[in-house]
Amino acid sequence: MALTPEQLTAAHKANIETLFGLTTKAFEGVEKIVELNVAASRAALAEAATHSQALLNVKDAQELLALQTSFFQPLAEKTAAYNRHLYNIATSTSTEVSKAFEAKTSELQQGFNNLVESTTKNAPAGSETAVAVMKSAVSAANNAFESVQKAVKQASDLTEANLKAVTATATAAAQAPAGRKS
């Protein structure tokens, strides 16, 4: 069973559309990261200006210590929030790309399975053993691919849970000193 020029053209067109779709998703993720970094930089610059102005008005060492403490306490929480935003952008972009990749892979798998079925139906008499071996190999490859997909999903879920736990711990630690002083 040979592929016709129309089938090849359609497959090529679909692959190009998929490539551009994935590239667009990747650029959207980069754009969100740039926007986050610009917003974080603006906020950091504004805070630095305010802090510098406050430093100029300090009258004694105790006031300086209080000012420095008030500046550094929220820093861990802001860092955790920035990292959370960054992680969410990366996760959403990765999820969209993964979905597109899985859809394309499923489509290719189905096409290959159809090709195998078509080939086995047209196989000459006496080739049943070779056909059975080929079907078994295809089935084993499909099962292996599904196992890898499940393992990657589990690893991703575990990483996300660990990041949430670390973020919660860091936020709680940053708030603990502030809570004791109040």
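Values in this text are rule-based calculations from the coordinates and carry no lab data. Nothing here was measured: the structure is a model prediction, and the numbers come from that model.
Assorted remarks:
- Relative contact order (%) - criterion: Cα under 8 Å, at least six apart; region: the chain: 37
- Between A61, A103, A141, the residue with the greatest mean-square fluctuation in the GNM of the chain (Cα pairs under 10 Å linked by springs) is A61.
- On the principal axes of its alpha carbon atoms, the stretch 65-124 extends 88, 13, 7 Å, with the longest extent given first.
- Length gained when the stretch A76-A43 is fully extended (0.36 nm per residue, less Cα-Cα span): 10.4 nm
- Theoretical ellipticity at 222 nm over the chain - DSSP helices of four or more residues, -39500 (n - 2.57) apiece, nearest 500: -34500 deg cm²/dmol
- When Rg/Rh (Cα atoms, Kirkwood Rh) is computed from the coordinates, the matching label among (1) 1.00; (2) 1.27; (3) 1.09 is (2).
- Here the gap between A165 and T23, fully extended at 0.36 nm per residue and compared with their Cα-Cα distance, gives a gain of 47.9 nm.
- For q = 0.21 Å⁻¹, Debye-computed log10 I/I(0) when each Cα of the stretch 1-82 counts as one equal scatterer: -1.00
- Euclidean distance of C-alpha centroids, the stretch 83-124 and the stretch 30-62, integer Å: 45
- Of the cross-linked pairs K25/K121; K32/K164; K32/K59, those separated by over 32 Å at the C-alpha level are K25/K121; K32/K59.
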